[in-house]
Amino acid sequence: MKRYTKDRLRRSMMFVPGNNPGMIRDVHIYPADSIMFDLEDSVAYTEKDTARLLVYNALKTLNFGNKEIVVRINDLSSGLGVMDLEAIVPAGVHVVRLPKTDSAQDVIDCEKEIARIERKHGIEVGSTGMMAAIESANGVLNAREIAHASDRLIGIALGAEDYVTDLKTTRADGIELLFARSMILNAARSAGIAALDTVYSDVNNEEGFIAEATLIKKLGFDGKSVINPRQIAPLHKVFMPSEKDLNKAYAIMEAIEDAKKRGSGVASLKGKMIDKPVVLRAQRLIALHEAGLRMDDGED
Amino acid sequence: MKLKVPSTAGTMESNDVLVSIKPAKSGGIQIALQSNVMQQYGRRIREVITETLEELGVENAEVEATDKGALDCTIRARVAAAAYRAAESSDYHWEAKK
């Protein structure tokens, strides 16, 4: 049985440092759609072993409810990535996040290791999902090939800090990321997988965070990584459909149902014909709203 | 698993446990435990430490543990990390979740 679902709500993916037992203990109380335990940049080189053991034991014993469980491994070229996979695949991770993905071959190499480990432990081959983080100019230019590199991929993500360094610039108002975001989004959509945006590091700047979240939602992203629980509620609010849009979506679906009952292949609302993209958008909006209501049960 | 050198793993931060292990030739697994929840969980913490070391095939060791309210999975992780470090081993035994 697959541990992951390709089509699910991924508005928020919360980073949790892999060597922080307090945050690992508390993470189930936050309403993030996905939790991402990090074995890479947030863990000192001398503590890679302890973090790996901590995440392994946490995945094996703690109950994280219906959240998607992602682990960011170290890159394979470091030698640490395979050691991470050896631990987290048997521990039951839903999705492996591959960092610094520059090419389709990086995804293929990682998938081979995952399949080998699944086989070794008698786990159904293909049951572990993957996502690829793109963090370089090369990766952005290869985004389409990366997005199509494996059936296990649930999405591709932008890792902006390394990317802007590679571009010889810094994070600013978002214009510096426009090309990368557009490439990643189009590559993800061409492969039918999720497009996930980078972190917003200034946790005290809620206004800036909301502006960035609004921008990436407008572009078409499914969601965004968050580094602090305080960022989850405002992010979900940005992704919540407005009442006006929701009413229109329900009216469209009612008009479609009426047309079906009348045996008519053509539906219209207020004199305007409803074509297929309009129906798809309405269905997505309603699904997002209903999923949001379910996931946010108890959220502020 | 044969322990070779003294080692430590973990931290003194809240929800963590700092574990130090020294190899010993005899005497079984001896544990010196400090915990801010000694009254309620002292016995359980000792059990988890002993179980973890026994599963790794450690028969004799001197263990010092300073617990700051760690969950069982954290105690297991820190004890195992200290043991692998003490054995200078990276031959980890990962098992599939049941």
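Some notes on this structure:
- Test: residue in the stretch B:78-95 that is open to solvent by less than 30 Å² (accessible area, probe 1.4 Å), closer than 18 Å to B:S7 by Cβ and assigned to a loop (DSSP other than H, G, I, E, B): yes
- Scanning the stretch A:71-114 for residues that are outside any helix (DSSP H, G or I) and within 13 Å of another protein chain (Cβ to nearest Cβ) gives A:G79, A:G92, A:V93, A:H94.
For (1) crowded, with 21+ Cβ neighbours inside 10 Å; (2) not hydrophobic (A, V, I, L, M, F, W, C), each residue gets a yes or a no:
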{"position": "A:D106", "(1), (2)": "yes, yes"}
{"position": "A:E113", "(1), (2)": "no, yes"}
{"position": "A:R116", "(1), (2)": "no, yes"}
{"position": "A:K120", "(1), (2)": "no, yes"}
{"position": "A:S136", "(1), (2)": "no, yes"}
{"position": "A:A143", "(1), (2)": "yes, no"}
{"position": "A:D151", "(1), (2)": "no, yes"}
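- Among the residues of the stretch B:47-74, those that are more than 9 Å from chain A (Cβ to nearest Cβ), of a type outside the set (D, E) and outside any loop (DSSP other than H, G, I, E, B) comprise B:V48, B:I49, B:T50, B:T52, B:L53, B:A61, B:V63, B:A65, B:T66.
- Candidates in the stretch A:117-131 are the residues that are touching a residue at least 60 places away in the same chain (Cβ under 8 Å) and in contact with a strand residue (DSSP E or B) (Cβ under 9 Å, 6 or more places away or on another chain); of these, the one that is farthest from the other protein chains (Cβ to nearest Cβ) is A:M131.
- Within the stretch A:201-223, none of the residues are of a type in the set (S, T, N, Q), open to solvent by less than 10 Å² (accessible area, probe 1.4 Å), outside the structural domain of A:H289 (by TED's automatic domain parsing) and outside any helix (DSSP H, G or I).
- Taking the stretch B:11-46 as the range and being without any contact (Cβ under 8 Å) to a residue 40 or more places away in the chain, open to solvent by 80 Å² or more (accessible area, probe 1.4 Å) and closer than 18 Å to B:G69 by Cβ as the test, the residues that pass are B:Q34, B:N36, B:Q39, B:Q40, B:Y41, B:R43, B:R44, B:R46.
- Of the residues making up the stretch B:1-31, those that are under 11 Å from the mean Cα position of the chain (by Cα) and small (G, A, S) are B:S7, B:A9, B:G10, B:S20.
- A:R8, sole failed condition from (1) among the charged types (D, E, K, R); (2) farther than 18 Å from A:K100 by Cα; (3) at pLDDT 95 or above: (3)
- Some residue of the stretch A:49-68 being open to solvent by 10 Å² or more (accessible area, probe 1.4 Å), within 19 Å of A:E135 (Cβ to Cβ) and of a type in the set (D, E, K, R): no
Residue-by-condition table, conditions (1) closer than 24 Å to A:E161 by Cα; (2) assigned by TED's automatic domain parsing to the domain that holds A:E145; (3) among the β-branched types (V, I, T):
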residue: A:D49; (1), (2), (3): no, yes, no
residue: A:F64; (1), (2), (3): no, yes, no
residue: A:V71; (1), (2), (3): yes, yes, yes
residue: A:G79; (1), (2), (3): yes, yes, no
residue: A:G92; (1), (2), (3): no, yes, no
residue: A:E111; (1), (2), (3): no, yes, no
residue: A:V125; (1), (2), (3): no, yes, yes
residue: A:T128; (1), (2), (3): no, yes, yes
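The values are calculated or read from the model by the stated rules, or taken from the named source; none is laboratory data. A quick note: this is a predicted structure, and the numbers were derived from the prediction, not measured. Quick reminder, even Gly has a Cβ in these numbers, built from the backbone with ideal geometry, and neighbours come from all protein chains shown. The area values use the complete protein model at the heavy-atom level, side chains included, leaving out ligands, DNA and RNA. Shrake-Rupley method; radii C 1.70, N 1.55, O 1.52, S 1.80 Å.
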